[in-house]
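What follows is a short report on a single structure.
The values are calculated or read from the model by the stated rules, or taken from the named source; none is laboratory data. This one's a predicted model, so the numbers in the text were calculated from it and none came from an experiment. All Cβ positions, glycine included, derive from the backbone under ideal geometry; neighbour counts span all protein chains shown.
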Amino acid sequence: MILFLDYDGVLHPDAAYYVQSRKHSHIELRAEGALFMWMPILEAILAPYSDVRIVLSTSWVRELGFAKAKGFLSPGLQSQVIGGTWHSKMARHKEGAHRVPDLWSELTRYQQIANYVRTKKPTDPWIAIDDDTVGWDPSVAHRLVPTDGDTGMSNPAAQRSLRERLEAIDRGEADLDKDCWQ
């Protein structure tokens, strides 16, 4: 199964900012806690599901690059990552290497994930964990594990929702084949 994973509002509060200065750049959390403080919760929930493959659906990939964004995850989660919804090729013009306006950032998270599914055509069932719930087509809303941007995966309701979806997929009971873009 495939899990589309956002970072902000899922693995830590949605208050992470990319700060650039002349000397260095870094990401800082402008909320209580630490970056990726809820990652152990996700790891514990995913532990029984070794077949889960992760696709990064976070703006961190566009801002930092795939390898650096992936590098913030634990080694266990990193080993499950198979790609991202954004790729650097999306910022290049078809006829050359110059950059084009980044229309990707104007898409909703749902549209970004839908584009990935439409182009990659995964055969495995998929779900997404995200605090961006805007614009999800009702025909695929059952695939979204919504989180609150302030509490992310620390929220028992989000944990329960993820467990229920994973268990349903594992038992083969989830009706996840009816998508609007097939």
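Residues in the stretch 134-162 that are at pLDDT 95 or above and exposed (fewer than 14 other Cβ atoms within 10 Å of the Cβ): 156, 157, 160. Every condition in (1) at pLDDT 95 or above; (2) in a strand (DSSP E or B) holds for residue 37 except the one numbered (2).
Within the stretch 1-29, the set of residues being within 13 Å of the chain's Cα centre (by Cα), part of a loop (DSSP other than H, G, I, E, B) and of a type in the set (A, V, I, L, M, F, W, C) comprises 10, 11.
Take the conditions modelled with pLDDT of 95 or more and either over 18 Å from residue 131 (Cα atoms) or in contact with a Gly (Cβ under 6 Å, 6 or more places away or on another chain) (or both) and apply them to residue 8. Does it pass? In short, no.
For the condition closer than 29 Å to residue 106 by Cβ and modelled with pLDDT under 95, residue 57 does not qualify. Within the stretch 47-66, the residues that satisfy the criterion of being of a type in the set (A, V, I, L, M), buried (at least 18 other Cβ atoms within 10 Å of the Cβ) and not in a loop (DSSP other than H, G, I, E, B) are 54, 55, 56, 61.
A single member of 95, 32 is of a type in the set (D, E, K, R) and either modelled with pLDDT of 95 or more or assigned to a strand (DSSP E or B) (or both), and it is 32. Looking across the stretch 19-46 at every residue that is closer than 25 Å to residue 116 by Cα and of a type outside the set (Asp, Glu), the one that is surrounded by the most Cβ atoms within 10 Å (Cβ to Cβ) is identified as 42. Out of 44, 69, which single residue is assigned to a helix (DSSP H, G or I), touching a strand residue (DSSP E or B) at 6+ places or on another chain (Cβ under 7 Å) and hydrophobic (A, V, I, L, M, F, W, C)? Only one candidate passes the filter, namely 69.
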